[in-house]
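Asker: Below you'll find the structure I mean.
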Amino acid sequence: MICFAACKGHEKKILVYASGDIQVDNTKQHITVTDGTTHHEQELDFTTGDPVNLDIQSPQGKITLTATDDGLYIANLKTDTVVGSMQHVGAEGGEARITQEALKQKLDSLQKLAVGQNVSEANKNYFIVPGKIVRLSSNPKGKVFGPFTAIPGSFDAASVPEIYKFYSMKEMREIIGNLEKMAGGTPGQGQPAGDQSKKETK
């Protein structure tokens, strides 16, 4: 029994987001990111119980990011913040019949998320600034849909233990603007002040 416990497998899954091409060496721990304005993603899987250090060279300089515990991570090497949260099965299906009250609640929640308010591991929502790594879950088997990637209507949510959706700040501003119009508000409310992020395309 002791041997079985000691030999239990470890797993760390790190999703790397960048605004340019991502180049990874054979160790998967030395990463070079080129300058760019197009969203790129790279999935890195590790099966070690030891901390994983990612040594990164990007146009913004050299940094090291560390994944200490097993689980699912996002390393944001983009030029702007990414935001997201856990998705509940069936939550998207009721959008066509959403009440005005529910619409305003959703708008308020997204406005707060866009400026990093009420963000916590307990709330399962995330505000990841450039150059940071964040653990989303202790379960590395979760599924993450990144910026510019919609959750397909045909996706089998039962096939994964957890689902997360992340957005670029540009996408989040557009979503908030659309919801403000639906709620009869003034476009522009809730947008992060002073956000000078580069616009990106898929």
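The values are calculated or read from the model by the stated rules, or taken from the named source; none is laboratory data. A quick note: this is a predicted structure, and the numbers were derived from the prediction, not measured. Reconstructed Cβ throughout: ideal geometry from the backbone, glycine too, with neighbour counts over all protein chains shown.
Asker: As an exercise: evaluate residue 34 against (1) among the polar types (S, T, N, Q); (2) modelled with pLDDT of 95 or more; (3) closer than 23 Å to residue 126 by Cα and give the number of the one condition it does not meet.
Answerer: (3)
Asker: Return the only residue of 154, 168 being of a type in the set (Gly, Ala, Ser), farther than 14 Å from residue 87 by Cα and touching a residue at least 24 places away in the same chain (Cβ under 8 Å).
Answerer: 168
Asker: What number of residues in the stretch 55-78 are free of Cβ contacts under 8 Å to residues at least 40 places away in the same chain and touching a strand residue (DSSP E or B) at 6+ places or on another chain (Cβ under 6 Å)? Let's see the steps before the verdict.
Answerer: Of the stretch 55-78, the ones free of Cβ contacts under 8 Å to residues at least 40 places away in the same chain are 55-57, 59, 61-62, 64, 68.
Those left that are additionally touching a strand residue (DSSP E or B) at 6+ places or on another chain (Cβ under 6 Å): 55-57, 64.
Residues in the stretch 55-78 being free of Cβ contacts under 8 Å to residues at least 40 places away in the same chain and touching a strand residue (DSSP E or B) at 6+ places or on another chain (Cβ under 6 Å): 4 in total.
Asker: Only one of (1) loosely packed, with under 15 Cβ neighbours inside 10 Å; (2) closer than 20 Å to residue 82 by Cβ fails for residue 143. Which number is that?
Answerer: Unmet condition: (1).
Asker: Then there is this: Report yes if some residue within the stretch 167-187 is touching a helix residue (DSSP H, G or I) at 6+ places or on another chain (Cβ under 9 Å), at pLDDT below 90, loosely packed, with under 13 Cβ neighbours inside 10 Å and of a type outside the set (Gly, Ala, Ser); otherwise report no.
Answerer: Yes: the stretch 167-187 contains one or more residues that are touching a helix residue (DSSP H, G or I) at 6+ places or on another chain (Cβ under 9 Å), at pLDDT below 90, loosely packed, with under 13 Cβ neighbours inside 10 Å and of a type outside the set (Gly, Ala, Ser).
Asker: Restricting attention to the stretch 146-166, and to residues there that are hydrophobic (A, V, I, L, M, F, W, C) and on the phi < 0 side of the Ramachandran plot, which single residue is surrounded by the fewest Cβ atoms within 10 Å (Cβ to Cβ)? Quick ask: steps written out before the conclusion?
Answerer: Filtering the stretch 146-166 down to residues hydrophobic (A, V, I, L, M, F, W, C) leaves 148, 150-151, 155, 157-158, 160, 163, 166.
When the remaining residues are screened for being on the phi < 0 side of the Ramachandran plot, the result is 150-151, 155, 157-158, 160, 163, 166.
Working: 150: 9, 151: 15, 155: 13, 157: 14, 158: 7, 160: 14, 163: 19, 166: 23.
Within the stretch 146-166, the match that is surrounded by the fewest Cβ atoms within 10 Å (Cβ to Cβ) is 158.
Asker: Within the stretch 115-122, can one find any residue that is part of a strand (DSSP E or B) and of a type outside the set (D, E, K, R)? Steps first, answer last, please.
Answerer: Keep residues of the stretch 115-122 that are part of a strand (DSSP E or B), which gives none.
The answer is no, given that none of the residues of the stretch 115-122 is part of a strand (DSSP E or B) and of a type outside the set (D, E, K, R).
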